[in-house]
Amino acid sequence: MTATPAEPAAYPIPRPESGDDPRFSLGLAMDVAAVLARHGYPPVTASSDLLRLQQTLFTLIYQPKETQWPSSTPPCTTACAR
């Protein structure tokens, strides 16, 4: 049996040069919160939870400002740093 090559990771993506991405909105965070609740997780009701959710989504979606990886080079994981 031959192994199929892994598809390249889609995330994180480069940050918009303008610094603004209209897709990243409060509505996105609220939609993700609703999906979590539908899957049986506690509802996001505290503003601090919503803020953490937004921060986590931002970290997942966008590359760090100081590091813009080429699309063919994935970021190093903690295993690389050992």
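The values are calculated or read from the model by the stated rules, or taken from the named source; none is laboratory data. If you're wondering where the values come from, they're calculated on a predicted model, not measured in any experiment. For neighbour counting, all protein chains shown are included, and Cβ atoms are generated from backbone atoms with ideal geometry for every residue, glycine included.
Note on region 24-67: residues that are more than 21 Å from P12 (Cβ to Cβ) and either in contact with a Lys or Arg (Cβ under 6 Å, 6 or more places away or on another chain) or outside any helix (DSSP H, G or I) (or both) amount to 8.
I'd like to verify a number: residues in region 60-82 that are within 19 Å of E17 (Cβ to Cβ) and modelled with pLDDT of 55 or more, how many?
As a first pass, look at region 60-82 and keep what is within 19 Å of E17 (Cβ to Cβ): 61-71.
Adding the requirement that they be modelled with pLDDT of 55 or more leaves 61-67, 69-71.
Here the count works out to 10.
Inside region 34-58, residues that are surrounded by 13 or more Cβ atoms within 10 Å (Cβ to Cβ) and either under 20 Å from P22 (Cβ atoms) or touching a His at 6+ places or on another chain (Cβ under 7 Å) (or both) make up a count of 5.
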